[in-house]
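Below you'll find the structure, written out as structure tokens, and then a few comments.
The values are calculated or read from the model by the stated rules, or taken from the named source; none is laboratory data. Because the structure is a prediction, the values reported are computed rather than measured. Here Cβ is always computed from backbone atoms with ideal geometry, including for glycine, and neighbour counts include all displayed protein chains. Side chains are part of the model used for accessible areas, which takes the heavy atoms of the whole protein and leaves out ligands, DNA and RNA. Shrake-Rupley method; radii C 1.70, N 1.55, O 1.52, S 1.80 Å.
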Protein chains: 2
Amino acid sequence: MSTRFSVTYRLFAADLAQARTRAEAMALEQTVEIPADIVPAGYIAAEIVARIEALQPESHGRFRATLSYSPDSIGAELPQLLNVMFGNSSLQPGIKVLGFALGETVSKRFKGAAFGIQGLRALLRRPRGGLIAPVIKPQGLATEALAEIAYRCALAGADVIKEDHGLANQPSAPFRQRCEALAQAVARANAETGGAALYMPHLSGSAETLLDNAYFAKAAGAGGLLVIPGLLGFDRLRQLAEDPALGLPLMAHPSLLGAQVLSPTTGFTHGALFGDLMRLAGADISIFPNVGGRFGFTREQCLEIATRCRDPQGIGVPILPSPGGGMSIERATEMQAMYGEDVLYLLGGSLLRHGKHIGKAIQNLRRVLDGTTTGG
Amino acid sequence: MSTRFSVTYRLFAADLAQARTRAEAMALEQTVEIPADIVPAGYIAAEIVARIEALQPESHGRFRATLSYSPDSIGAELPQLLNVMFGNSSLQPGIKVLGFALGETVSKRFKGAAFGIQGLRALLRRPRGGLIAPVIKPQGLATEALAEIAYRCALAGADVIKEDHGLANQPSAPFRQRCEALAQAVARANAETGGAALYMPHLSGSAETLLDNAYFAKAAGAGGLLVIPGLLGFDRLRQLAEDPALGLPLMAHPSLLGAQVLSPTTGFTHGALFGDLMRLAGADISIFPNVGGRFGFTREQCLEIATRCRDPQGIGVPILPSPGGGMSIERATEMQAMYGEDVLYLLGGSLLRHGKHIGKAIQNLRRVLDGTTTGG
């Protein structure tokens, strides 16, 4: 006996009757995609067509509908799970995914993150406190210069040495050359400090070379990978997370996914996309634009993401939310009060302003996060 | 001397000064992602940082900005091209991609569709006239029943026997079993009619199995593949289009991509996504929801897609627009007047209403499209 997979949507409709009509249409659209009167009786009508499990008003013109789907609609593969969750319905205005529950049957197939918060803290040897990830950039800089920045950051005690998502496979610092140089730089710093900073390059390449590049990065000494599911597909993230020959923590970057959350009437909520969906696909760390930076995410949206990433009831083990931008020594105390301690702060472009004193800036931030001093 | 790659965006801003500030911020955001005052002089400032090539008002609160990027920002890979085009900027409200021009340097790398309209017409032996693609479904039906529908459609003279995007790798009709059965059914019909209908299964599977599944489908007799870039990533489509060992026409399906076009203030325009981007990634056929069906696309949006798909100045060879839904014998004359003849009409769920007489419905539609009779 299999348990069904369910998705909760926000539907925009004039009234409850119209919302029900929409939910009924979705139950067909997302499964058989044929009119109700020609759905074959028996297995298809009883099992395959989605069921409306709940439908209630949220506020004026907004309704909340939970539809359940058969595990048989999905099979064993993530692309088809997403297809069933929000394939064609994504093309109809006024439907937003609020969240989903895998159910027992589908849960057996999708295990979520391989490391999660606890696994990452063990690797980083940092059992508590906010975590720090300087971002190595800019695009166009030569490999040696990037390696020098990475070295200084690791030497200062940064936890994750993260590459900018804009460093790909460019002539100025090709992926493989960069992996080797930066992994060595971070290893050298770790040897000097006795620390355990993890270098996470942006996994770049084509569909043909991506997996080989991941293995190359691991062999070169990378301690994790930055992966962009909006560019590569969520199933690539899952593949990397499940690959026993790789075994590296994965950081998911939100590039190209903006439209999936920005509109109030389509796509996913911030928590559903950067929390639930990233956990489903196996991310250990979910990056999102922090409140107060160059992006418009609100405090509530950021907290929703952090909550979904760390929810003990979510898919697999809890993962680290990783707000990018908006963090500084001045704001560290406020950020800490907002997010708590299970969080990885990305320190972006403004960190580079410190030039050769970049390490000092990281050490100062660490002191605030560890509570040995307070922010400005 | 390399030529730059350029992207035209619609920016939402209060006035021209604010629009310029936004464009300047994007020039950094999409490349170096560091503040202007710390951009290294020389190569990075002069070549890597994007340039504002044009900026003008469109209408109240809307501006059109063209930014150019160095081919060095991209390297040779499609994911990074998309990352540069609309990676982080996708996460900022009020920016929409209107179109892009590869420029001579990047054009050498991305050739577009392998077949296009002319190549498909040659394979189909249908040099002119609107083309017909019945959609084989529903999900949950057994393989033999699906094969029977495919047989009847091919026997009646359909051009492309397209699988529903909801047929994946489910227990009721697993991908490989289905490929073999439907390819045989279509081959049998072709042998009887002397026709050249192409069977195009939905390429399903995981990241691990996808490519093998594509080869399997080809070996089984598939004449093309339905590919979902919103689920698999645009670079998978490109990989399949460029693979000389595969050599099959590719049909791109819009599943999960709705949010990328539905909001007026983020994502892509309909023409940029379902025209330009699909051509860039190598689709031969671009499916989109037709006006008048269950989706809200307007006549203008559909025509914009068709125009971009067929524009002789676009990337690679012109490709076939493929409106789904909204087509019937009654509307065939109107559709023909709207789209002209280089178009592949998807005939969806309502076609199944004809049951055993499905072939008759296809033959009637063919007569209208060939001008030997007129629609109702």
Would you check if there is a residue in the range B:127-144 being within 19 Å of A:Ile74 (Cα to Cα) and more than 12 Å from every other protein chain (Cβ to nearest Cβ)?
yes
Quick one: A:Ala114 ticks every box in (1) hydrophobic (A, V, I, L, M, F, W, C); (2) touching a residue at least 60 places away in the same chain (Cβ under 8 Å); (3) within 27 Å of B:Glu29 (Cβ to Cβ) except a single one, so which number is it?
(3)
One residue from A:Ala158, A:Ala173, A:Ala207 being within 14 Å of chain B (Cβ to nearest Cβ) and under 23 Å from the mean Cα position of the chain (by Cα)
A:Ala207
Out of the range B:338-354, which residues are out of contact with any helix residue (DSSP H, G or I) (no Cβ under 7 Å at 6 or more places or on another chain), among the aliphatic types (A, V, I, L, M) and within 14 Å of chain A (Cβ to nearest Cβ)?
B:Leu346, B:Leu347
Quick check: anything in the range A:70-87 part of a loop (DSSP other than H, G, I, E, B) and either away from chain B (no Cβ under 14 Å) or open to solvent by 50 Å² or more (accessible area, probe 1.4 Å) (or both)?
no
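Per-residue answers, yes or no, for (1) among the hydroxyl-bearing types (Ser, Thr, Tyr); (2) open to solvent by 10 Å² or more (accessible area, probe 1.4 Å); (3) assigned to a loop (DSSP other than H, G, I, E, B); (4) in contact (Cβ under 8 Å) with a residue 60 or more places away in the chain:
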{"residue": "B:Ala272", "(1), (2), (3), (4)": "no, no, no, yes"}
{"residue": "B:Val291", "(1), (2), (3), (4)": "no, yes, yes, no"}
{"residue": "B:Arg294", "(1), (2), (3), (4)": "no, yes, yes, no"}
{"residue": "B:Pro312", "(1), (2), (3), (4)": "no, yes, yes, no"}
{"residue": "B:Ile315", "(1), (2), (3), (4)": "no, yes, yes, yes"}
{"residue": "B:Ser322", "(1), (2), (3), (4)": "yes, no, no, yes"}
{"residue": "B:Ser328", "(1), (2), (3), (4)": "yes, yes, yes, no"}
{"residue": "B:Met335", "(1), (2), (3), (4)": "no, no, no, yes"}
{"residue": "B:Asp342", "(1), (2), (3), (4)": "no, yes, yes, yes"}
Could you identify the single residue in B:Ala191, B:Ala185, B:Ala122, B:Ala196 that is in contact with a helix residue (DSSP H, G or I) (Cβ under 7 Å, 6 or more places away or on another chain) and part of a helix (DSSP H, G or I)?
B:Ala185
Consider A:Asp15 carefully, then state whether it is among the acidic types (Asp, Glu) and within 14 Å of chain B (Cβ to nearest Cβ).
no
Would you confirm, using the coordinates I've provided, whether A:Ala185 is at pLDDT 95 or above, buried (at least 23 other Cβ atoms within 10 Å of the Cβ) and within 14 Å of chain B (Cβ to nearest Cβ)?
no
How many residues are assigned to a helix (DSSP H, G or I), in contact (Cβ under 8 Å) with a residue 60 or more places away in the chain and open to solvent by less than 50 Å² (accessible area, probe 1.4 Å) if we restrict to the range A:9-47?
2
Exactly one of A:Leu250, A:Leu232 is aliphatic (A, V, I, L, M), touching a residue at least 12 places away in the same chain (Cβ under 8 Å) and within 12 Å of chain B (Cβ to nearest Cβ), and that residue is A:Leu232
Number of positions in the range A:256-270 that are assigned to a loop (DSSP other than H, G, I, E, B), buried (at least 24 other Cβ atoms within 10 Å of the Cβ) and at negative phi:
3
How many of the residues making up the range B:48-69 are under 22 Å from A:Gly349 (Cβ atoms), more than 7 Å from chain A (Cβ to nearest Cβ) and outside any strand (DSSP E or B)?
2
